[in-house]
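This report concerns only the one structure given below.
The values are calculated or read from the model by the stated rules, or taken from the named source; none is laboratory data. Since the model is a prediction, treat every value here as computed from it, not as a measurement. Because the Cβ atoms are built from the backbone with ideal geometry, glycine has one as well, and the counts that use them run over all protein chains shown. Heads up: the accessible areas ignore ligands, DNA and RNA and are worked out on the full protein's heavy atoms, side chains in. Shrake-Rupley method; radii C 1.70, N 1.55, O 1.52, S 1.80 Å.
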Amino acid sequence: SAAEALPPQPGAWALLPGPLSLAWGFKAASTLDSMLGYRRGRLRWLGTAGARLDDALTWIPCRLVALTLPLAAGQPRHSWQLFRQALVQGRPDPSPNAGVSQAAYALAARVRMGGVNRYGGECRAKPILAADQPPADQDGVARILALSQRLLLLWLLIWILGASACGACACGAWRLLG
C-alpha cells in the first residue's frame, strides 16, 4: 500500500530516547536560533525563545571547550588559568557562550581576535580577545583549525575511555551478580 511505501517521518526519531533524539532536539533549537534569533518582527517572541534555548543548551559545551582547549594546545599546566581568562575575556560579548569559546581559541592559539565586525551589513564592536597577542593571520587561522582537530580527537579519546570504563564496570557488576 502507499502508506507502507512512505519513509518514516524524521520527527518520529525524536520520540525515541537516546543520543539521536537529543541531537535532533539540539539541532532544532540551534536552527531556530539561527533563523529567528534576531529579535525583530512578528516572530520576535519565537526568536527570543529559540535564542535563549540555544544559549542554555550550549552553556556547558562552551565551557568544556574553554576548559579542555588548553590541553589540546599542549598547555596542560595553564589549563585552569586559560579557562579563567576565557571566562573573563568572553564575558563582555553579547552572547553568553560565543565570547567564551572565542576567547579560549584566541588564548590557546595566541592570536588577537575581536574588534569591529560586520553582521548583516551592520558594524558591531566586539570585545578584543587576547589583546597582547598579534592579530589573526593565515598562520593563526591554521593554528585554530589544528586546535579544533586536536580538541575533537581529545574528546573522542575521553569518550572512548569513558565508554570502556563503563563497559568494564558493567561487566564486573554482572560477574558479581552472576
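Quick notes
- Cα gyration tensor shape for the range 54-101, rounded if a/c is under 1.5, else prolate or oblate: oblate
- Per atom type, the range 33-147 shows carbon and sulfur on 59% of its accessible surface, probed at 1.4 Å.
- Linear extension gain, Q81 paired with L22, 0.36 nm per residue minus alpha-carbon span: 18.0 nm
- Treating each Cα of the range 54-137 as one equal point scatterer and applying the Debye formula with no solvent, the log10 of I(q)/I(0) at q = 0.21, 0.25 Å⁻¹ comes out as -0.94, -1.19.
- Derived scalar couplings between HN and Hα for the range 42-54 equal 5, 9, 4, 4, 6, x, 5, 4, x, 5, 5, 5, 4 Hz in order, rounded to whole Hz, by the Karplus curve 6.51 cos²θ - 1.76 cosθ + 1.60 (θ = phi - 60°), x for Gly and Pro.
- The H on the amide N of S95, modeled in the peptide plane, is under 5 Å from the matching H of no residue at least 5 residues off or on a different chain.
- Cα shape, the range 38-178, gyration tensor, a/c 1.5 rule: oblate
- At an R0 of 41 angstrom, the distance between the Cβ atoms of I160 and W45 translates into a FRET efficiency of 0.45.
- Taking amide H positions as modeled 1.01 Å from N, with prolines and chain starts lacking one, the residues under 5 Å from K126 and 5 or more places away or on another chain are G115, V116, N117.
- C62 accessible area, assembled protein chains, probe 1.4 Å, Å²: 20 Å²
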